[in-house]
1. Working only within segment 395-437, note down all residues that are touching a strand residue (DSSP E or B) at 6+ places or on another chain (Cβ under 9 Å), of a type outside the set (A, V, I, L, M) and open to solvent by 70 Å² or more (accessible area, probe 1.4 Å).
2. Search segment 630-649 for residues that are free of Cβ contacts under 8 Å to residues at least 40 places away in the same chain and pair each with any residue that is assigned to a helix (DSSP H, G or I) and open to solvent by 20 Å² or more (accessible area, probe 1.4 Å) when their beta-carbon atoms are under 9 Å apart and the residues are at least 6 apart or on different chains.
3. For segment 593-602, does any single residue satisfy the condition of being open to solvent by less than 20 Å² (accessible area, probe 1.4 Å), over 30 Å from residue 766 (Cα atoms) and at pLDDT below 95?
4. Got at least one residue in segment 283-296 being buried (at least 20 other Cβ atoms within 10 Å of the Cβ), part of a strand (DSSP E or B), modelled with pLDDT of 85 or more and outside the structural domain of residue 154 (by the TED database)?
5. Of the numbered conditions (1) assigned to a helix (DSSP H, G or I); (2) in contact with a Ser or Thr (Cβ under 6 Å, 6 or more places away or on another chain); (3) open to solvent by 10 Å² or more (accessible area, probe 1.4 Å), residue 769 satisfies every one except a single condition; which is it?
6. Output the number of residues of segment 321-354 satisfying the condition of being of a type outside the set (Ser, Thr, Tyr) and more than 20 Å from residue 448 (Cα to Cα).
7. Since residue 581 meets every condition but one in (1) modelled with pLDDT under 95; (2) open to solvent by less than 40 Å² (accessible area, probe 1.4 Å), which condition does it not meet?
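The values are calculated or read from the model by the stated rules, or taken from the named source; none is laboratory data. Note that the coordinates shown come from a computational prediction; the quantities given were computed from them, not determined experimentally. So basically every Cβ, Gly included, is an ideal-geometry build from the backbone, and we count neighbours across all protein chains shown. The area values use the complete protein model at the heavy-atom level, side chains included, leaving out ligands, DNA and RNA. Shrake-Rupley method; radii C 1.70, N 1.55, O 1.52, S 1.80 Å.
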Amino acid sequence: MNTQIQKMLSYIVLVLLFGNLVPVTTQAAESEIIYPLKQMSKLECRFEEFGTLDSDCKQDFLVLNTGDYQKYATAGGGYNDFTRIYTVLWGSSYKYGWDVGSGGHQGTDIATAKGTPVYNIADGIVIEAGKDLAWGNYISIEHTIRGKKVVSNYAHLSKILIKKGDSLRVGEKIGEVGSTGNSTGNHLHFQIDLETPFHPYYYDYGDCPYSYYQITEKGVCFNVLAKNTLDPLAFLESNGAILDKISTTVSKNTNKNKTPTSSDTFKNNTNYIFNVTVYYEYGNEGDVREVQRVMKELGYYDGDINGQYKDVESSIIKYQLETNVISSRSDDGAGWFGPKTRAQAKLDYSSLAYQENKSDASDNDTVVENNTSEVVTQTISREKLLTREEIEAREVKEFLESFQLNFISPISQISQNENKVTTLEILDRRGKAFKGNTPGNISFEYDETKVQVFPKSFYNFTNGTRDITITGLSAGHTSIDIKVGERVVKTLSVSVTGAGQLPEVKSAKLYIKDQVVLGESTPGIVLMKDQYGNNMLKADYKGNFTINSDTSGDIQYCIKRGEIKDIFQIYKRRCYDEEFTDSLKFSYSDTIGGLLLFEYRSLSQTKSQLSVKNLNATLAFSDIKVNTPIGLAQSHPYYDSVITMIESGIATGLNKGYFLEDRDLKEYDAVMWIRNSIKNNSTLRPLLKDLAAEPASNTTTINREEFLELTHKYLGTNIISSTGKQYRDLEAVTQSKVANLLGAQYQWKDQFGENYFQPDKTLSRGEASYFLQAALSAQGQLTVARN
């Protein structure tokens, strides 16, 4: 019989014989313990949302065993999947994320994509679920494991899916990975606390009265860390058995009525100041008072909160030196409450704030002391370790091989005291916008006497773009370097003009093809430049300009106007025939944000030079070689007519270099060609209004008789004395129109042309060129078709 059944029967018999007994207590079955992540993103995919990743971008959670710390600390020169995923280990510093025992990090940071599901590691009760300045969105869950209470903590979450007081089973989804609070990238901060007054545990200022930098980089309170938290990976790896080596003692709280310290007056309403640069003569008194308050709370300033920057400047320098923000008093930024100082102060201030917010939690009658002396810590020397900066530099390099930073409408010109906004975007090779946190801080370096940039640095790209505001401070020229980590990826050259002054154009860049096809409209761009060679975009420059060729009248032009938001569509749009003129004059008002978009077409096979000029000088020029239309052979019966009509500016509609001389003529081209024939004739020009009302379909073809009728209607004004050629297939009225329009010598160049007009036959583009050439020559108008 089963042993458990035997025990149960024996117990029932005893109850029947002797009445109710106190139940025999046995140790309950241990709760199952799992890792907080089941899946994660692959490293190359961690910048995307987890929910958008396909299976090739996901992997099972990569478990790091504590016995492999030393192995992976130096594998691949310290650059491998483990050192990149587990960015900081328990007891490590932030600079050297794997030097266990040399820092003061309370948990383990695990890098993965935003939205990666986070799971409860064991049965327990939620004791904290909220938002904190340092931890961001965080959850603390109390568990009883091997007879001891521990608390698992999950920080920097993008979502919290449970609430305080919930009773949870192991493996329930509780949140999603994010980058909230003091975080520079999507990751899970996972931490295991022993019995401590508050959770997530952080150093009590009374036990560890040091700055954030000294704690996390110097390991000044490692013994305090080891008494209150466990290496979370060692805890998971042992399935909680590491708790058997820990003992606890309970004593009376002697600090319950202690005298408040200076941090007891800590206020949380100072958070905004960490996003504001303040320095001497830059920043209002309110900002300076907040800086003084921060420095006072951190123990570096003991003066009055009076809004006078000179009073706090020396305290800031002392703080910068002690936290390695600067190395000497002569460094750039010494004494400034600038980006690096703000970031460090925010970390120190946050840890102090956390202690103040949790001060009531330690006001209990008893104190629990954890004895962890028997727990052996896996330590690693920082010798041969890569720093986080070195790992970041490699990650930045890999990131920039897949992504590119671009400015939408970059700024090159700005006036003094003017603010201009440009937008920075990051695109992958497919043109898809990057959304997430970059592996390195994006920052801007520039001459701060010339311009100001806001924000000066950031990681977050969750919306796919970031607006950057540039302010002109003093006249002159400067460069703005855009960096990812320590790598310069782009440089903006910016000219600052005096207030109310327009910048002056000194040169130009002419973007045109050096080879074109006769008669085909081709797009071109003119970009103006200032004396420093800066592109003059979104800069209202002064002056009037022209574009012309050295072979006068051989090129026609069309300006394309519109708004910046439509610039790509405008560039692709083709000009209509009626938009072309024989000269091009323009000013800034004709451009799109300073960029002139135009089309040109050469009406001569002569090589020419196109120039951009102002009143004083040639700003840019380019030579153009003109080729005959592709596929138009000299042996073609209408070759000479096609060339003549193109050079006369009459025959248009080339497509990708082809005239398509054997293709049927469409109504639209028929109307346009007749328009081009009469537009420069003062006698015939009044007829343009009537011509505009004619059918002009781009798809409907036209036959020989229809083209004859249309041409005769607008060109047949002169009476030809000759009776003309007699065609066998034309009625007398139509025959007279041919004679009136074409004279005696005209006939088609096909096998039936000598005797038959073939009025119902569709007309080709080559035949139409021949017909119009004959009509204009007979009327004596061909020479005036083009100026």
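1. Selection gives 397, 398, 404, 417, 419, 429, 435.
2. Qualifying pairs under 9 Å: 632/639; 633/639; 634/640; 640/770; 640/773.
3. For segment 593-602, residues open to solvent by less than 20 Å² (accessible area, probe 1.4 Å), over 30 Å from residue 766 (Cα atoms) and at pLDDT below 95: present.
4. no
5. Tallying (1) assigned to a helix (DSSP H, G or I); (2) in contact with a Ser or Thr (Cβ under 6 Å, 6 or more places away or on another chain); (3) open to solvent by 10 Å² or more (accessible area, probe 1.4 Å), residue 769 fails exactly one: (3).
6. 10
7. Of (1) modelled with pLDDT under 95; (2) open to solvent by less than 40 Å² (accessible area, probe 1.4 Å), only one is false for residue 581: (2).
Residue-by-condition table, conditions (1) more than 24 Å from residue 607 (Cβ to Cβ); (2) free of Cβ contacts under 8 Å to residues at least 24 places away in the same chain; (3) crowded, with 17+ Cβ neighbours inside 10 Å; (4) out of contact with any Cys (no Cβ under 9 Å at 6 or more places or on another chain):
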residue: 480; (1), (2), (3), (4): yes, no, yes, yes
residue: 505; (1), (2), (3), (4): yes, no, yes, yes
residue: 514; (1), (2), (3), (4): no, no, no, yes
residue: 519; (1), (2), (3), (4): no, no, yes, yes
